[in-house]
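A quick write-up on the structure given underneath.
The values are calculated or read from the model by the stated rules, or taken from the named source; none is laboratory data. Remember, predicted model here, so these are calculated numbers, not experimental data. Counting neighbours? That spans all protein chains shown, and the Cβs are built from the backbone with ideal geometry, glycine included. SASA here: full protein model, heavy atoms, side chains in, ligands and nucleic acids out. Shrake-Rupley method; radii C 1.70, N 1.55, O 1.52, S 1.80 Å.
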Amino acid sequence: MISVATAKQIINSHSKTLPTIERPILQAPGYALAQTIVSPIQFPAFRQSSMDGYAIYYVEKEKTLLIQDALPAGTSQQLTLENGMAIRVYTGGPIPDGADCVVQKEYVNLINQSIQIQSDRIVQLGDHIREKGSDIEKNTVLIEAGTVLRPAHIGLLASAGITNVPVIQKPSVAILLTGNELVQPGQSLQFGQVFDSNAFAIQAHLKQAGIENIAVHYLKDDLNDTIANINAAVQEYDLILLTGGVSAGDYDFVPAACIKAGIEQHFHKVKQRPGKPLFFGTQQNRLVFGLPGNPGAVLSCLYQYVLPAIDQLCGTHTIQTTTAHLKAPFKKTIPLTQFLKGYYESGEVTVLPAQASYQLSALGKANCWIELEEEWTFIAAQQEVKIYLFI
């Protein structure tokens, strides 16, 4: 049995970055950029007005100026401002050659076909002119490699005319659920059976992490059936998650089935609660996790091991950790690292009731997992603890 820290180190060492794919920018949010993107253009590409008003020569600001023409946004017309003249300009539209300031329309008085700037208005050289390349110069970095793309990045890419970007692909995931007692929600529940929640909770977390290629299979509590399904899954999927069947019961076939299927075991059992019988193995670059069957243990292991492995595979940052002060004292009775369902607010975290690994009721209020270190026995009120925020 190994420590939590050692288990995480082993998983991290076997979680190799997945290949690069190209995606349309509207399908790229949540993906990590595989290469640094440089701008193919300068922006603005032309001298641009930031205001509806009149383009003038600054030195002529006290004169009455004849309106020469108008340059609306979107026009391809290029004009040169003549001396003693003003050209009507619009927000986002071009500035005529020669003009060196824009006077907003509210600052002028119209006199027939001329304008006169109101005497109490302050006009400065360069007012309301966006110079070429003042935001982005051509061939300068737009977004660094490794950045997890957000909607704002998509707007930036579009503004540079970029339609596709290279990103690190997300893993494909097979969820294999063991347990003859499992019934899917919506079916009739017989005595001795339970509704499966694990497949749904895992899928929800995977989808929240932007993973689209997910398969779910329910297995019989049978060694040969488990071996066959593992063999099939590692041929097609990057990540295989088995739930249940990892302990030492008569029907717990997962560790043996993994080994018979050619999975190299890296560890089985971690000094933690919940999730002590956790299994981890690999076949080439495929990652195989054997998670306990109890739903609380599944979710705890998902946050501690599976989601961080996914982040490592595709360069994302799903799991957010912070520290908080324990609101009330807690006595720890086991010599294991313990993960507790908690509620975090205003820098404090509360240990919720219903902490047994089969109990899901606390998850309705919980917003984090609290980590209590292996050697701790008593945690005083206001002691600082590490927490893992729910995604």
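Remark: the chain carries 48 Å² of accessible area per residue (probe radius 1.4 Å; ligands, DNA and RNA excluded).
Potential lengthening of the chain between Gln382 and Leu223 amounts to 52.4 nm, from the contour at 0.36 nm per residue minus the alpha-carbon distance. For the chain, the relative contact order works out to 17 percent when only alpha carbon pairs closer than 8 Å and six or more residues apart are counted.
Accessible area of region 195-290 with a 1.4 Å probe: how many percent of it is carbon plus sulfur? Solvent-exposed carbon and sulfur of region 195-290 make up 44 percent of the total.
Calculate how many DSSP beta bridges within the chain are antiparallel, expressed in % of all such bridges and rounded to the nearest 5. Of all bridge pairs located within the chain, approximately 65 percent are antiparallel. Within 10 Å of each candidate Cβ there may be at most 16 other Cβ atoms; applying that plus a DSSP loop requirement, which chymotrypsin sites (Phe, Trp or Tyr not before Pro) in region 307-391 survive? Those that pass, being in a loop and sparsely packed, are Tyr358, Trp376.
For region 1-65, GluC sites (Glu not before Pro) meeting the loop criterion (DSSP other than H, G, I, E, B) and having at most 10 other Cβ atoms within 10 Å: Glu62.
Over all other residues within a Cβ to Cβ distance under 13 Å of Thr323, the charged ones net out to -3, with Lys and Arg as +1 and Asp and Glu as -1. Over the chain, dividing the summed -39,500 (n - 2.57) contributions of all DSSP H runs of at least 4 residues by the number of residues returns a 222 nm mean residue ellipticity of -5000 deg cm²/dmol.
Quick one: grab the alpha carbon gyration tensor of region 179-315, order the square roots of its eigenvalues as a ≥ b ≥ c, and give me rounded if a/c is under 1.5, else prolate or oblate depending on whether a/b is larger than b/c. It comes out rounded by the Cα gyration axes. Straight-line reach from Lys63: taking Cα to Cα under 18 Å and skipping same-chain neighbours fewer than 8 places apart, the aspartates and glutamates in range are Glu82, Asp100, Glu106, Asp120, Asp127. Remark: relative contact order (region 109-195) = 11 percent; criterion is Cα-Cα distance under 8 angstrom and separation of 6 or more residues. Bridging of Lys341 to aspartates and glutamates at a Cα separation below 19 Å is possible for Glu371, Glu373, Glu374, Glu384, once same-chain residues fewer than 8 apart are set aside. Label-to-label distance for Gln187 and Gln320 is 3.8 nm, based on points extended 7 Å past Cα in the beta-carbon direction. In the chain, the longest principal axis of the Cα atoms and the axis of helix 4-14 are about 70 degrees apart. Counting only DSSP beta bridges with both residues in region 211-289, the antiparallel share comes to about 75 percent. Spin-label pair Ile259-Glu62: with each label point 7 Å from Cα along the Cα-Cβ axis, the two points sit 9.6 nm from one another. Taking the longest Cα principal axis of the chain as reference, the axis of helix 198-208 is set at about 20 degrees. Running a GNM on the chain with Cα contacts under 10 Å, which residue among Ile334, Ile154, Ile37 ends up with the highest mean-square fluctuation? For the chain, modelled as a Gaussian network with Cα springs under 10 Å, the answer is Ile334. Distant-in-sequence amide contacts of Val165, defined by a placed amide H-H separation under 5 Å and a gap of 5 or more residues or a different chain, comprise Arg23, Ile25.
Computed over the chain with a Gaussian network model linking Cα atoms closer than 10 Å, the most mobile of Leu66, Leu326, Leu18 is Leu66. For region 329-391, what % of the accessible area comes from carbon and sulfur atoms, probe 1.4 Å? Heavy-atom surface of region 329-391 belonging to carbon and sulfur, 1.4 Å probe: 54 percent. Taking 7 Å steps out from each Cα toward its Cβ at Ser13 and Arg121 produces label points 7.1 nm apart. For every other residue with a beta carbon closer than 9 angstrom to the beta carbon of Met85, add +1 if it is Lys or Arg and -1 if Asp or Glu, then tell me the sum. After counting each charged neighbour, the total is -3. Across Asp196, Asp97, Asp120, Asp221, the residue with the most accessible area heads the list, and the full order at a 1.4 Å probe is Asp120, Asp97, Asp221, Asp196.
With 22 Å as the limit on Cα-Cα distance, the pairs of Lys332/Lys386; Lys8/Lys260; Lys16/Lys170; Lys16/Lys220; Lys269/Lys332 that go past it are Lys8/Lys260; Lys16/Lys220.
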